[in-house]
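This report concerns only the one structure given below.
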Amino acid sequence: MQKNKLKICFLGWANSEHVKRWVKWFAAQGHEVHLLSNVYEEIEGVTVHSLQNKVVSLSDTASRSCRQNNLLTDWVKWAKFNYLSYLKYPSYIRKTKQLLKQIKPDILQGFYIGFAGYIGIFTGFHPFMVFTGGPELLFYPKKSLFHRIWVKFAMKRIDFLTHTSEEANKAAIELGMSPEKSKFMHIGIDLKTFNPHIDPGNLKKRLGIDGHPMVLSTRGLYDAHYNITTLIKAFSVVVKKIPEARLVMKYHSALEKNKFVKLAQDLGIYDKIVWVEKVDYQDMAKFYRAADVYVSLSYTDSGAVSMLEAMACGCVPVVSNLKNMREWIKDGENGFIGDSNDVYTAANSIIKIIESDEKKKTFGLKNIEIIRTQADQEKSFKALEDKSYELVGIKN
């Protein structure tokens, strides 16, 4: 029997791979999907609308990010990222209201409370479903009264929250969200893109590390979330034992890159680090297949999608002792876990993996099976589609 088709408006960033996966999946099912974004990028099968008066493209933002950094520009980036961007939200709200009146969707969906939630609640549109990223529940409310007040205010006006971890789900409920309106529903991993059969080709040769053990980080270059300082210090311990090891820093944002470059230089390991900024999303599977270790010593997370992508490719994680990480990783069974600031535990865990082909193989096979059975994108998005029908009031 043919499914009922929905008209969906989605609030999110057009340059987010997670947003792209969501909207493209729903569009592929035959739903009419509109993406309302503050950054413009064409997405096949999806109608993208700009929330800005001037259409800001990805090339515009890329050219700005390539300008030389200094301490002042680093601070401005930090302030803009954490607070100044909210000054544009009133105009985003007005534009979103206008577009919702024109499009007349069945449901409003969104990514992150701090963006979609803060904008969507003021449109008065229902049903409104938001997928949370984690930091807006697990980090910002603890650090900032401003964010705590706004998150609680927004959640009262959101019809349903979905999360990448049980920890985030619990945090939402503790902040006042009704348990009936909050659930762990992961967006899953695209197993056609991320799997152990991917050929990394000559990636390591192109990176200049052919024949070297590879440690991979995919986190943003700022300490508040991702604790890059401890990672670099831990790697400096690793190379004392394994001088041929190389750290590949694949980053999506570089708020404090200058700081970490200087730290690496001070520790005498700058030449053992490869800094990689822009990579096509599909090519990330090659990085995971080429790496011996995936490492994340973050202070906060909510079931890192990049870690699950790495696991799907058979990579072995070394990660922080966070509740949501323990939902996927059993210490000493399919990866290693340690306190975020424990330099030597992280370093020793990385060394164990590099030095043991047996651990790499055994742990890798376990991780491939975990993702195949528990985080298949097709199953995950189907569950989110079912929830969307339920919220709209359509039986399918």
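Observations
- Viscosity 1.306 mPa s, temperature 10 °C, Stokes-Einstein D of the chain from Kirkwood C-alpha radius, µm²/s: 73 µm²/s
- Normalised by 2.2 N^0.38 Å, where N is the number of residues, the alpha-carbon radius of gyration of the stretch 122-171 equals 1.14.
- Pairs with C-alpha atoms separated by more than 31 Å, drawn from the list LYS257/LYS382; LYS204/LYS240; LYS142/LYS272, are LYS257/LYS382; LYS142/LYS272.
- Counting only lysines at least 8 places from LYS143 when in the same chain, those with an alpha carbon closer than 20 Å to its own are LYS77, LYS80, LYS152, LYS170, LYS323.
- The local environment of GLU17, defined by Cβ-Cβ distances under 12 Å, has a net charge of -2 under the rule Lys, Arg +1 and Asp, Glu -1.
- Debye intensity ratio I(q)/I(0), log10, the stretch 203-374, q values 0.11, 0.13, 0.20 Å⁻¹ (C-alpha model): -0.39, -0.55, -1.49
- Applying 0.36 nm per residue to the separation of HIS252 and SER356 and subtracting their alpha-carbon distance, the gain on full extension is 34.4 nm.
- Angle in degrees between helix 71-82 and the longest Cα principal axis of the chain, rounded to the nearest 10: 40 degrees
- The slack between GLU42 and LYS205, meaning 0.36 nm per residue of separation minus the straight C-alpha distance, is 55.4 nm.
- For the chain, the longest principal axis of the Cα atoms and the long axis of helix 257-266 meet at an angle of about 10 degrees.
- Cβ-based exposure ranking for LEU175, LEU100, in which fewest neighbours within 10 Å come first: LEU175, LEU100
- Signed unit charges on C-beta, dipole axis of the stretch 203-374, positive-most listed residue VAL237, THR218, VAL276: VAL276
- Cα-based shape type of the stretch 252-292, given that a ≥ b ≥ c are square roots of the gyration tensor eigenvalues and the cut on a/c is 1.5: oblate
- Scattering profile of the stretch 89-233 at q = 0.12, 0.17 Å⁻¹ [log10 I(q)/I(0), Debye over alpha-carbon scatterers]: -0.67, -1.00
- Normalised contact order of the chain, rounded percent, pairs of Cα under 8 Å and 6 or more residues apart: 14 percent
- Taking the chain as a Gaussian network of alpha-carbon nodes connected by springs under 10 Å, the highest mean-square fluctuation of the residues PHE146, PHE160, PHE363 belongs to PHE146.
- Angle in degrees between helix 357-374 and the longest Cα principal axis of the chain, rounded to the nearest 10: 10 degrees
- Restricting the stretch 315-396 to trypsin sites (Lys or Arg not before Pro) that sit in a DSSP loop and have at most 15 other Cβ atoms within 10 Å of their own Cβ leaves LYS330, LYS395.
- A Gaussian network model of the chain, with springs between Cα atoms under 10 Å, assigns the largest mean-square fluctuation among LEU87, LEU322, LEU308 to LEU87.
- The residues neighbouring ASP342, those whose beta-carbon lies less than 14 Å from its own, together hold a net charge of -1 under the Lys/Arg +1, Asp/Glu -1 convention.
- Within the shell defined by Cβ-Cβ distances under 14 Å, the residues around ALA290 carry a net charge of +3, with Lys and Arg each +1 and Asp and Glu each -1.
Throughout, read-outs are computed from the coordinates displayed, never taken from laboratory work. Treat the numbers as computed from the prediction; the structure is a model and nothing was measured. Please note: Cβ atoms are built from the backbone with ideal geometry, for glycine as well, and neighbour counts cover all protein chains shown.
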